[in-house]
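Worksheet for the structure shown next.
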Amino acid sequence: MYFRRSFSRKSYDAIIIGGGHNGLTAAAYLAKAGKKVCVLEKRHVLGGAAVTEEIVPGFRFSRASYLLSLLRPVVLQELNLKKFGLRYHIRNPSSFTPLRNSEKSLLLGMDMRENQREIAQFSQKDAENFPKYEHFISEVVHAFEPLMDYEPIDLHQKFHKILPQLYLLYKTVQPLGLRNAVDFYELMTAPISKIMNKWFESDVLKATLGTDGVIGLAASPMDPGTGYVLLHHVIGGLDEHKGAWGYVFGGMGAVSDSIAKCALSYGAEIHTEKDVKEILIDENQAKGVKLVDGTEIYSKIVLSNATPHVTFNNLVNRTHLPNDFHTSINQIDYTSPVTKINVAVKELPNFLARPNQGKTPLPHHQTTIHMNCESMQIVDDGVKDYRNGEYSKRPVIEMTIPSSVDRTIVDGDGHVVLLFTQYTPFTLSDGPWTEEKKLEYAKHVFAEIDAYAPNFSSSVIGYDILTPPDIQNTFGITGGNIFHGSMGLDQLYITRPVPKYSNYSTPVKSLYLCGSGAHPGGGVTGAPGRLGALRALKNEF
């Protein structure tokens with residue numbers, strides 16, 4: 001792929017700060033519309049959090065984001081990403097929950113009858129209820145998924161101007177009906193534990209499903225509002241398989257690469273190792289950017305893929321922002337409980353619940369493997385540790401093994417294991433994370449995995465650990481929050497990132513947001529990039 005070392009011009013139609021997947025998506029849409037576009041990425045590698053990196057020699061990790069599902073079909077189709085090399089494996093089964101020190105486990109996938117047989121090990125009643133629960137969730141997803149592809153209603157416009165959007169919103173929710181609308185309201189506002197208790201009785205099923213309500217969120221399943229986070233995680237799908245998740249061949253960096261190739265095909269310029277120091281503003285209008293090396297580049301519009309905090313506290317001079325806007329920006333919650341550990345191993349984990357049969361990966365190796373998910377009480381206990389300034393004694397662990405289906409990411413016979421873990425504070429009670437503390441935590445997580453797969457620790461070749469401060473410092477993601485801001489109900493839709501500015505525009509003319517800090521939020525969706533670009537095109541050209 002060709003990235004320029006020097007700029008072809010001094011002035012562009014659009015400059016995009018940040019070469020993450022949303023910044024690249026915005027670039028592709030703007031370039032496709034015939035605009036001269038320049039993308040500036042601080043790191044040496046493109047992709048932001050959707051990136052593939054070889055940290056341990058011979059092992060290529062999806063270093064931050066690690067699964068594909070939420071990428072909007074409209075982005076995939078309009079940018080023709082498969083033409084530009086995007087390939088993925090749709091996982092089936094999709095979820096494996098072994099029980100600690102036990103031969104029992106729960107394996108779920110696309111076959112409903114097989115799911116019911118698995119669930120019946122723990123509860124016949126739950127087996128009967130599971131299809132009803134899935135139907136309810138699918139109805140909610142079907143009703144609200146279209147909102148991912150439209151910008152939020154601007155309630156500050158005159159009524160007649162927002163009438164078409166209000167009608168669209170009505171048409172979106174109307175199919176739910178009164179009964180489902182009440183259930184949806186409960187899903188959005190109640191603790192996910194309450195929702196799970198309403199539907200099921202077996203702890204392992206409730207915890208397996210319920211953890212989607214706290215992924216990336218510094219909250220317990222017993223906390224109100226965790227239902228929406230679950231909804232956000234099941235609202236996607238791949239190739240008409242609703243809710244399906246997949247491994248991208250070549251790692252998540254291949255998603256960013258395919259979008260970049262699309263942008264390049266329309267004439268966009270993409271630059272790595274170009275660190276933006278400030279956004280140039282004249283008479284309250286963005287005019288370009290100044291790099292750390294002093295280079296100034298000019299443009300008609302600027303789009304920021306950085307978090308709102310970075311954009312408005314680091315890149316925009318405070319004097320250009322209204323006081324109430326600046327106050328609102330600084331009230332955004334970026335708390336994160338996530339530590340990612342990328343591990344190179346000699347052999348597949350050998351789970352007590354489903355022993356290996358030679359070296360060939362089995363179906364459960366190709367799933368998301370949930371550990372310390374036997375009950376929501378275990379998850380809640382981990383949150384209590386976190387709120388006391390300690391990492392969880394029994395951390396929630398989501399393990400994926402992409403090399404079980406994609407051998408392009410490994411040289412030789414080993415495997416890539418990705419561990420998404422919670423709960424880890426940004427700062428520990430006894431001080432900041434040190435290398436010794438990070439090593440201690442990694443060893444602790446490995447020992448926890450050994451309780452399910454005793455060969456794990458002894459198989460480790462090397463690893464890369466990213467605590468919340470590491471995620472912040474490596475990827476520029478404020479607080480290490482993978483969503484660019486918590487996905488609580490107070491930070492969604494018309495209040496994302498802040499009230500009055502949920503439509504990608506900002507108090508500075510010609511400056512727009514195009515990252516996950518804007519609607520519809522986090523995940524590898526491409527939606528904020530697309531919608532930010534479309535808003536800029538509508539306003540400026």
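The values are calculated or read from the model by the stated rules, or taken from the named source; none is laboratory data. Worth saying up front: this structure is predicted, and the values here are computed from it rather than measured. Don't worry about glycine lacking a Cβ; one is built from the backbone with ideal geometry, like all the others, and counts go over all protein chains shown. Accessible surface areas use protein heavy atoms only, side chains included; no ligands, DNA or RNA. Shrake-Rupley method; radii C 1.70, N 1.55, O 1.52, S 1.80 Å.
Condition check: in contact with a helix residue (DSSP H, G or I) (Cβ under 8 Å, 6 or more places away or on another chain) and either closer than 30 Å to Leu534 by Cβ or open to solvent by less than 20 Å² (accessible area, probe 1.4 Å) (or both). Does Leu81 satisfy that?
yes
So, Gly227, is that one modelled with pLDDT under 95, open to solvent by less than 10 Å² (accessible area, probe 1.4 Å) and part of a loop (DSSP other than H, G, I, E, B) or not? Judged against the criteria, Gly227 is not a match. Screening Asn539, Asn503 for residues that are of a type outside the set (Gly, Ala, Ser) and part of a loop (DSSP other than H, G, I, E, B) leaves exactly one candidate, Asn503. Taking the criterion of being open to solvent by less than 40 Å² (accessible area, probe 1.4 Å) and either among the aromatic types (Phe, Trp, Tyr) or in a loop (DSSP other than H, G, I, E, B) (or both), the residues of the range 230-248 that qualify are Ile235, Gly236, Gly243, Ala244, Tyr247. Residue check: Ser505 meets all listed conditions (1) open to solvent by less than 30 Å² (accessible area, probe 1.4 Å); (2) among the hydroxyl-bearing types (Ser, Thr, Tyr); (3) in contact (Cβ under 8 Å) with a residue 60 or more places away in the chain but one, namely (3). Out of (1) modelled with pLDDT of 95 or more; (2) out of contact with any strand residue (DSSP E or B) (no Cβ under 6 Å at 6 or more places or on another chain); (3) of a type outside the set (A, V, I, L, M, F, W, C); (4) crowded, with 20+ Cβ neighbours inside 10 Å, what's the single condition that is false for Glu435? Failed condition: (4). Can His519 be described as open to solvent by less than 20 Å² (accessible area, probe 1.4 Å) and either within 30 Å of Gly34 (Cα to Cα) or among the acidic types (Asp, Glu) (or both)? Answer is yes for this residue. Meeting the requirement of 2 or more residues that are open to solvent by less than 10 Å² (accessible area, probe 1.4 Å), the strands (runs of 3 or more DSSP E) wholly within the range 249-355 are 269-271, 285-291, 296-304, 338-345.
In the range 406-430, the residue that is farthest from Asp380 (Cα to Cα) out of those that are touching a residue at least 60 places away in the same chain (Cβ under 8 Å) and of a type in the set (Ser, Thr, Tyr) is Thr408.
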